[in-house]
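*Asks:* Quick one: the structure is below, questions incoming.
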Amino acid sequence: MASWSPTGKPAVSSTPTRPSARCWATTARSCCGWAWLVEDEPVNREITQALLQSVGLVVDTVEDGLAAVDRVLNQAYDLVLMDMQMPTMDGLDATRRLRQLPNGENLPVVAMTANAFDEDRARCLAAGMNDFLAKPTDAAAFF
């Protein structure tokens, strides 16, 4: 677990590194990169992971926001897909903490949530997320 100072800033012990993994492409729309999927619901996690892998992304998963923040302290990712409602730490608080990290300031964070109202979108953007996808996510809209 990460240690947090009284000011709320994390104590970073090392330079983030990329996960050791190989990119591959299985569709006409292909890309290469590392995605971090933060989702507590197993079925949603499995479906989203398969979608991301189908275009060549390497996907790491975790089930709550606190674990995501801890992982990003030591790993470099190209994209984070973040559920809003999770145990331990929700996606909004996790995004706020990610934005305090040296490697989290410019990291693209996309909300993935069943809360699809305009006010939910506004809360996500205010927390520092870059975009918003409503669940269930249609594969065509996803990419």
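*Asks:* So MET89 passes all but one of these: (1) closer than 21 Å to GLY33 by Cα; (2) at pLDDT 90 or above; (3) in contact with a Leu (Cβ under 9 Å, 6 or more places away or on another chain). Which condition number does it fail?
*Replies:* For MET89, the exception is condition (1).
*Asks:* Which residue pairs have Cβ atoms closer than 6 Å, lie 6 or more positions apart in sequence or on different chains, and pair a first residue in the stretch 46-66 that is on the phi < 0 side of the Ramachandran plot and assigned to a strand (DSSP E or B) with a second residue that is of a type in the set (Gly, Ala, Ser) and open to solvent by 40 Å² or more (accessible area, probe 1.4 Å)?
*Replies:* Partner pairs satisfying both residue conditions: VAL58/ALA21.
*Asks:* Still on this structure, I have one more. Evaluate the stretch 34-43: report whether one residue or more is at pLDDT 90 or above, touching a Ser or Thr at 6+ places or on another chain (Cβ under 6 Å) and assigned to a strand (DSSP E or B).
*Replies:* yes
The values are calculated or read from the model by the stated rules, or taken from the named source; none is laboratory data. The shown structure was predicted, so the numbers you read here are calculated from the model rather than taken from an experiment. Here the Cβ is made from the backbone with ideal geometry for all residues, glycine too, and neighbour counts use every protein chain on show. Accessible surface is based on the protein model in full, side chains and every heavy atom, while ligands, DNA and RNA are left aside. Shrake-Rupley method; radii C 1.70, N 1.55, O 1.52, S 1.80 Å.
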